[in-house]
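> What follows is a structure written as structure tokens; I'll ask about it next.
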Amino acid sequence: MTEPVAYAVKDGIAILTIENPPVNALSQGVRAGIIAGLDKADADAGVSAAVIIGGGRTFIAGADIKEFGKTPLQPYLPDVLKRIEAMTKPVVAALHGTALGGGFEVALTCHWRVALESGQVGLPEVKLGLLPGSGGTQRLPRLIGPKLALDMIVSGNPIPAKKAAELGAIDEIVTGDLLEGALAYARRVVAEQRPLRLVRDMNDKVSNVDPAVFSDYRKSIERKARGFLGPWRCIDAVEVATKLPMDEGLLKEREYFFECMGSPQRAAQIHAFFAEREAAKIPGLPEDVQAKPIKSAAVLGAGTMGGGIAMNFANAGIAVKLLDVSQEALSRGLGVIEKNYATSVARGSMKQEAMDRAMKLITGTQRFEDIGDADIVVEAVFEEMGVKKEVFGKLDKVMKQGAILATNTSTLDIDEIAASTKRPQDVIGTHFFSPANVMKLLENVRGAKSSPETIATVMAMGKTLKKVAVLAGNCDGFIGNRMLHGYLREANFLLEEGCSPEQIDRALEDFGLAMGPFRMSDLAGLDVGWRIRKGKAHLRPKDERYSKVADQLCELGRFGQKTGAGFYKYEGRDAVPDPVVKDIILAASREQGIERREISDEEIVQRCMYPLVNEGAKILEEGIAIRSGDIDITYLFGYGFPVYRGGPMFWAEQIGLDKVLATIRGFHKIHGKFWEPAKLLVERAEAGKGWSGR
Ligand SMILES: NC(=O)c1ccc[n+]([C@@H]2O[C@H](COP(=O)([O-])OP(=O)(O)OC[C@H]3O[C@@H](n4cnc5c(N)ncnc54)[C@H](O)[C@@H]3O)[C@@H](O)[C@H]2O)c1
């Protein structure tokens, strides 16, 4: 086995090379190796300086997150940093790839930093519910000032090395060989007899800082960071750097770090991190299965979804033909796309050239013959089985052999759609979320006959389109919308039992949802669900409880935001409570013979969220979802579930499945059959286990 830190001496300079593939994570061996290397370099009279560099493709890319949540092993990272600061000889960090988190903190502690222009540096801890816990929040502001440090630490986004050099966090950009450049830099430092420069002693940028920097920053993240702990502690820690001496600042930073480390949010965010990676793995696919290359695409239907889906392909540099049977819809659709891009350019989030490039990749057509050579076609026409079947029949005729025929249906049976072609192996669901150019989730839905190659292709496509792809099985509503059903049902029942739409929305938004159920329904359009409910009315048992409030709103032409009124009335985009809605709700309670009562936020959260958990358990039990993490990812990226709760299934585990089950059993007694506990939930809860059976 190779040592995690290799030690060599070249022309009197010690070279410590981190060899901990794949990303040189700061595991215990690396921490110990750096200290040992520095000890050796300090003790060797023939050595005049040291360089720390990453072997392979990167400098230290961060902490070893496998160690999170476990008792850490000595030496700790602060011990490593203390050793660097105690060096009697210059230490130069040589950065390439991604110097992130603890890796960047190591670099910040060295006397000087050089980097390749292609490198990136950053402190992404906040994304895992943490803050940089080894001096990052104290050293970075000393180098680049508190405002820029806040931008990096609170967003967690890395910046290119060149930018870091402009800001003063990196001393030199090396062109050519990094090690040679770092050695040359070290030789220069020695030759010039520069005094050892420690960031801890650089106090200019953290002295006399206007406190408004921090109050303004807090205000600016108020909405985005609502409910999170990490971002707020990041700001607190940077503020400390401007108020306390270095060593006291480090202690305070550690205190905040451990507070975050001990918080359930950290566990949830790390779960989300791993679940996202795990979702890409599909057990049961042959090992040698290859995704088909997607170099060209077609999208059917230039409506709400089709336009957004086409933008995804264009953004990824893939030529896409947008087909609609209606010339008017096509022109409108292309117009909306152009307007969306123009808005991004105006906002500064997209360059004009990028917009021009994307627009050039999108062409409109009304003829099916024009799209035959596309590698994939995504159908996004009206949600009616008859229309879908007709369209897939046509696609079967015009598409080249081997093309993927995908449907964006939200609810319809993939197998029935596939059966209208002679190539069901190439048919699959690719369920995008609205707005399709923004929402990160891609819920792929396998049909009974979808081939492994087809599945692998749409999973890989998720990555190409910068989405998070989850694989679901074929059933009514798949993973996401199937679970949403019970959530919306209970929200509506709660209206009849005593709540107002605004009370329910507020309770769930306080829980952390991006939008409560009624504001969300108003945004999505109430007519969609109304049409579906009417279509299924004959299937509903007469004695089954049913809330008519939404139907009655639709009968009044209140379809939500688009008609200016739904569960709320709209003043611009602002949802305002409406007495008309209140009257409809009160009448519904009377008609059902329900005595309205005070309902707590806790009950609202349980009544709306536990159906997600219970249905999720059934979905897991039936194999519709491969693992509970996939359900969580679906809700995090498709439904605005708060990341700091890890997704509905993880959240339930954190509460304790036994406690969740007990509450569900209580609701079952009061509210009847909708609350029948899922078999898997009972099994896991009674065995005292989590979803995975462990
Ligand atoms: N709107 C959403 O939030 C959402 C989210 C996920 C999935 N979906 C699904 O996406 C699909 C499209 O939904 P939408 O909201 O974009 O609908 P939409 O009504 O906005 O657009 C549908 C478009 O398809 C065109 N069209 C109809 N028949 C066609 C045909 N035979 N050939 C070509 N074009 C045809 C129509 O002219 C129209 O422009 C549906 O299956 C829907 O369930 C919608």
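> Could you list log10 I(q)/I(0) for region 1-127 at q = 0.20 Å⁻¹, which the Debye formula gives when each Cα is one point scatterer?
-1.12
> Within 15 Å, Cβ to Cβ, of Leu167, how many net charges do the neighbouring residues add up to if Lys/Arg are +1 and Asp/Glu are -1?
Cβ neighbours under 15 Å give a net charge of +1.
> Summarise the accessible area of the chain (1.4 Å probe, protein heavy atoms) by the percent that is carbon and sulfur.
Carbon and sulfur together cover 54 percent of it.
> While we're here: What distance in nm lies between label points placed 7 Å from Cα along the C-beta direction at Glu544 and Lys400?
4.7 nm
> I would also like to ask the following. If the only charges are +1 at each Lys and Arg Cβ and -1 at each Asp and Glu Cβ, what is the size of the charge dipole of region 513-658 around the Cα centre, to the nearest 20 debye?
The calculation lands at about 620 debye.
> With a 1.4 Å probe and all protein chains left in place, how much accessible area per residue does the chain have, in Å²?
I get 44 Å² per residue for this part.
> Also: Once you list every other residue whose beta carbon is under 14 Å from the beta carbon of Val381, what net charge do they have if Lys and Arg are +1 and Asp and Glu are -1?
-2
> Here's another thing I want to ask about it. Along the positive direction of the dipole of region 10-61 (beta-carbon charges: Lys, Arg +1; Asp, Glu -1; about the Cα centre), which of Ala43, Ala61, Ala32 reaches farthest?
Checking the options against the dipole of region 10-61, the answer is Ala61.
> Report the net charge of residues surrounding Gly62, where surrounding means a beta-carbon distance below 12 angstrom and charges are Lys +1, Arg +1, Asp -1, Glu -1.
Summing Lys/Arg as +1 and Asp/Glu as -1 gives -2.
> Turning to a different aspect of this structure: Which cross-chain or sequence-distant (5 or more) residues have an amide H under 5 Å from the amide H of Leu442, H modelled 1.01 Å from N in plane?
Val468, Ala469, Val470
> Starting from 0.36 nm per residue, how many nanometres of slack lie between Ala191 and Glu255 once their C-alpha separation is accounted for?
That works out to 18.9 nm of additional length.
> As I understand it, the value is the acute angle between the Cα axis of helix 501-511 and the longest principal axis of the Cα atoms of the chain; what does it come to in degrees, rounded to 10?
That helix lies at roughly 30 degrees to the long axis.
> Straight-line reach from Lys10: which lysines fall under 20 Å, measuring Cα to Cα and dropping same-chain residues less than 8 apart?
Here the lysines satisfying the reach criterion relative to Lys10 are Lys40, Lys89.
> Sticking with this structure for a sec: By the gyration tensor of its Cα atoms, with a ≥ b ≥ c the square roots of the eigenvalues, what is the shape of the chain: rounded for a/c under 1.5, prolate for a/b over b/c, or oblate?
It comes out prolate by the Cα gyration axes.
> Moving on to the next point. Calculate, for Lys669 and Asp210, the FRET efficiency according to 1/(1 + (r/R0)^6) with r their C-beta to C-beta distance and R0 51 Å; round to the nearest 0.05.
My answer for the efficiency is 0.30.
> Percent antiparallel among DSSP beta bridges with both residues in the chain, to the nearest 5?
So the antiparallel bridges in the chain amount to around 30 percent.
> As an exercise, use a Förster radius of 25 Å and the Cβ-Cβ distance of Ala354 and Asp151 to find the FRET efficiency, rounded to the nearest 0.05.
0.65
> Name the residues of region 502-543 whose amide N is less than 19 Å from a point 7 angstrom out from the Cα of Ser600 along the C-beta direction?
503-512
> Would you mind calculating the relative contact order of region 180-327 from Cα pairs under 8 angstrom and at least 6 residues apart, reporting the percent as a whole number?
It rounds to 14 percent for region 180-327.
> Multiply the residue gap between Arg332 and Ile532 by 0.36 nm, knock off their C-alpha separation, and tell me the result in nm, one decimal place.
Stretched fully, the Arg332-Ile532 segment lengthens by 69.4 nm.
> What pairs from Lys321/Lys422; Lys224/Lys659; Lys66/Lys163; Lys618/Lys673 go past 19 Å between their alpha carbons?
Pairs exceeding the cut-off: Lys321/Lys422; Lys224/Lys659; Lys66/Lys163.
> Continuing with the same structure: Return the long-range amide H neighbours of Val9 (sequence gap of 5 or more, or a different chain), with a cut-off of under 5 Å between placed amide H atoms.
The answer is Ile15.
> Which GluC sites (Glu not before Pro) in region 103-155 pass both tests, a DSSP loop state and at most 11 other beta-carbon atoms within 10 Å?
Here no GluC sites (Glu not before Pro) fit, given the DSSP loop and packing criteria.
> Could I ask something else about it? Placing +1 on the Cβ of each Lys and Arg and -1 on the Cβ of each Asp and Glu in region 298-385, which of Phe382, Ile371, Val320 has its Cα farthest towards the positive end of the resulting dipole?
Val320
> Another question about this same structure. Once the Cβ-Cβ distance between Lys295 and His485 is put in as r, and R0 is 30 Å, what FRET efficiency do you end up with, to the nearest 0.05?
0.20
> Modelling each spin label as a point 7 Å along the Cα-to-Cβ direction, I'd like the Arg57/Lys82 distance in nm, to one decimal.
Those two pseudo-labels are separated by 3.6 nm.
The values are calculated or read from the model by the stated rules, or taken from the named source; none is laboratory data. Small disclaimer: the values here were computed from a predicted structure and weren't measured. Every residue, glycine among them, receives a Cβ derived from its backbone with ideal geometry; neighbour counts consider all protein chains shown. Heads up: the accessible areas ignore ligands, DNA and RNA and are worked out on the full protein's heavy atoms, side chains in. Shrake-Rupley method; radii C 1.70, N 1.55, O 1.52, S 1.80 Å.
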